[in-house]
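The values are calculated or read from the model by the stated rules, or taken from the named source; none is laboratory data. What you are looking at is a predicted structure, and each value in this text was computed from that prediction instead of being measured. Glycine gets a Cβ as well: all are built from the backbone with ideal geometry, and neighbour counts include every protein chain shown.
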Amino acid sequence: MIVFLCADLRRAGLDLDHALEQFGTHPGVEARAMDGPCSSPERWLAPHAAGTMRFVLGLCEPPPDRPAFHARLRRAGLDPSAVEVVSLASRGERAEILLAGAVARVAAFEGSRPENLKPVLHWQGPMSRRSLFTVPPVHYEVIPAIRREACVAAAGCRVCEAACPHQALRPGADGEMNLDRARCTGCGACVSTCPRTAIDLPGTSPRQVSAQVAALVAATPDDQRPRGILFTCAREAAAVGRLLGPAAAWLPVEVPCAGMVPPAWLLQVLGMGASAVAVLPCARDDCRFGRPDVVQEGVAYCREVLERLGAPPDRVRLLGTADVASPAASGVPARQAQPCERTAVGALPLGPAGAARVLVALAGTRAADAAPRALAHPRSPFGVVELARGCTACGACAHACPTSALSIQRRQERVAVIFDPSLCIGCGGCASVCPERVVTVSKVTDVRRLARLPEPLHEDVEMRCEMCGGPIAPREMLRRIRALLGEGAVAATVTRRCLECRAGIRPGRGTPA
Amino acid sequence: MEPGRGLSFGELARLRETVYRFLAAVLLHPGADWLATLPPVARALGQETKALTVFPFWGPWARLLVTLGELDGPGGKVVSDDYTRIFGSTSGDAACPARESAYVQPADVPELMTGLHAEYSGAGFSLAPDFAGSLDDVTTELEFMGLLCAGEGDAWRRRDSIAAKEPLEREAAFLEQHLGRWLPEWAGRVALHDPGGFFRLATAAAWAFVAHDGDLVREAAGGFERIAR
């Protein structure tokens, strides 16, 4: 990776030598100051197109026309998703923090694929047959792509399909999830909710965002002033960047759309050491996500859960551009003295597992008799699974669970359905496949359960074959089979002998015990 | 210049035809003819397809042309051996078979072959009596796309946008239902089996071009709908 800093930043007050020294010592990072116009930074990068593929550009001002800048980068043989631009003039001491975040984000970039880019033709003016003769301007949108080897849609997972506000994700006849590229707007909602991180969005992968946030909050370990993370819609990023002055407490993290930021991310960022976290959507009619209510509900959920845990709810906020600009609102609440939070999430990627640890850490600071009540909320990133009577421990739920929150445990004569509340995202995949219809799932945040170890929801005895002594099935399953088949000879054989002995494929394995 | 500006759909169709047909030729077995013909063509195409620099597949395409342009030396024998190792022969033991039927369920193969036959004949093409390849071979499918682009280009040159609509829609459907479906997996497999080799470049360029073309053609076909509205 190469970090290029515009030499003119010296005049803007940046201690360029210090910055070069700081980033030049990062492993795998080369830092250079260059004399050159900020208006055509791709000229600096093009000579390196064949070798280094990741860059951070520290400019006085960002290129004014981003799509045109990206087009120039592509023409120079560069991948715009691998180039992070930070405008640093008038950023004061924040400049190096912002640079550290950009370096971390680009360092976590894992490459992009041809399917991540969607050309869109911009037909202009009233259309006639004549206008069809000339190719109109093309702009490119970065859109997600599914990694088939990691996706578990074939096992029944439908989390991304439910998250997509444009019905762009649908399973095919083979059960595999397909992305309708024409419908996809690249909002990224599917990317941040996929429990298997099987959907790539170059430039904004959860791993990259997580790395940037971690670098931003760690950049000034001795600085006790409050610092907040501001997830900013890409369409507002330039305006927000201009409004955040050298003393601003908010540190912006750009995402393609605020709809990409789920409540789990907001909660986990608090655990990474941020004083506060906010989301800034674009509020435009052509918002990529188009569901401001979902973003609002997500923030409302976070505030409610914090309140129940005794933490200030204003540590999570929904902001507009005007809020960032106003001096009063730019003051981020002071960090609460809860050292357990920062260590709780460690290097976990952004997601429900990290958020669960933050909530457990927050709850741990309260008196034991003040344990918070469970919170049922449609935006809860966690779920609770319950089993009614009649579970046969067939394992269909465990097979369908995309996070392994449900598993089947066999130990000696016992068979159990085990539930790990800290892994459950409440997707309901288990309930949809249960043949006995005994599974219920609710979107509930129950911090007491999140803190507990995996627990058995159902236990049974494994019945043994009368011929070979091998396992047949759990007792309840055999009871169910008898109920379906009646008490005839077939039922008797099926429920007393294992599959191999019934099929006679264990020659010489004795006679009935 | 913004991507696309100043280029006519007729010129674009001609360039796309060139790319499809050239890719189809590159993915044939590199025998003596291949080694004698393609490297000089690759050197010439670098200039001839310069108008494509505005599109993001230019990077993989240019890398392919440069590498192929330097292959008429001793590197040719290596490429020939690599081809057999990666794409195999007719014995069916290839690591990365270069035919669509290897990437669908066996039960779906008859339907695939019937569908391809219908696509080809529906577009007015029939296979030559001495055609020894397979309907679903990557070279056949790429060549078919080249032929569709040629038909589209003819229509644009006649300034007959209505006649251009049909091949455009055929191209969009064929890319979505065939090349766009199996090329990513195929290119992924080749990248694993030939990480530093020529065919990794060739398949990456083919997939980058097909992925882009699928969207571009669909968008272009959408222009007709806008007129209809």
Extreme residue, farthest from the chain's Cα centre (by Cα), among residues of segment B:103-135 that are closer than 26 Å to residue B:192 by Cα and touching a residue at least 40 places away in the same chain (Cβ under 8 Å): B:104
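So, in segment A:167-177, exactly how many residues are within 20 Å of residue B:211 (Cβ to Cβ) and at pLDDT 95 or above?
So the answer is 4.
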Condition broken by residue A:134, with the remaining ones in (1) polar (S, T, N, Q); (2) at pLDDT below 95; (3) crowded, with 20+ Cβ neighbours inside 10 Å satisfied: (3)
Flag if residue A:154 is within 21 Å of residue B:182 (Cα to Cα), assigned to a loop (DSSP other than H, G, I, E, B) and of a type in the set (A, V, I, L, M, F, W, C): no
Residue match in segment A:78-101 (condition: modelled with pLDDT of 90 or more, more than 30 Å from residue A:177 (Cβ to Cβ) and of a type in the set (Gly, Ala, Ser)): yes
Count of segment A:235-274 residues which are touching a strand residue (DSSP E or B) at 6+ places or on another chain (Cβ under 7 Å), part of a helix (DSSP H, G or I) and more than 15 Å from residue A:324 (Cβ to Cβ): 3
Some residue of segment A:342-364 being at pLDDT 85 or above, under 30 Å from residue A:175 (Cα atoms) and assigned to a loop (DSSP other than H, G, I, E, B): yes
Within segment B:1-81, helices (runs of 4 or more DSSP H) holding 1 or more residues that are within 14 Å of chain A (Cβ to nearest Cβ), within 20 Å of the chain's Cα centre (by Cα) and farther than 27 Å from residue B:196 by Cβ: B:9-26
Tabulated pairs, segment A:18-39, first surrounded by fewer than 16 Cβ atoms within 10 Å (Cβ to Cβ), second among the β-branched types (Val, Ile, Thr), C-beta under 6 angstrom, 6+ apart or interchain: A:30/A:2
Test: residue in segment B:173-188 that is touching a Lys or Arg at 6+ places or on another chain (Cβ under 9 Å) and away from chain A (no Cβ under 14 Å): no
Segment A:324-341, subset closer than 18 Å to residue A:240 by Cβ and in contact with a strand residue (DSSP E or B) (Cβ under 8 Å, 6 or more places away or on another chain), residue modelled with the highest pLDDT: A:324
Which numbered condition residue B:145 misses (of (1) within 14 Å of residue B:100 (Cα to Cα); (2) more than 14 Å from chain A (Cβ to nearest Cβ); (3) of a type outside the set (Ser, Thr, Tyr); (4) within 15 Å of the chain's Cα centre (by Cα)): (1)
Test: residue in segment A:175-185 that is under 30 Å from residue A:270 (Cα atoms) and more than 11 Å from chain B (Cβ to nearest Cβ): yes
Matching residues, segment A:97-115, being within 9 Å of chain B (Cβ to nearest Cβ) and touching a strand residue (DSSP E or B) at 6+ places or on another chain (Cβ under 7 Å): A:113, A:115
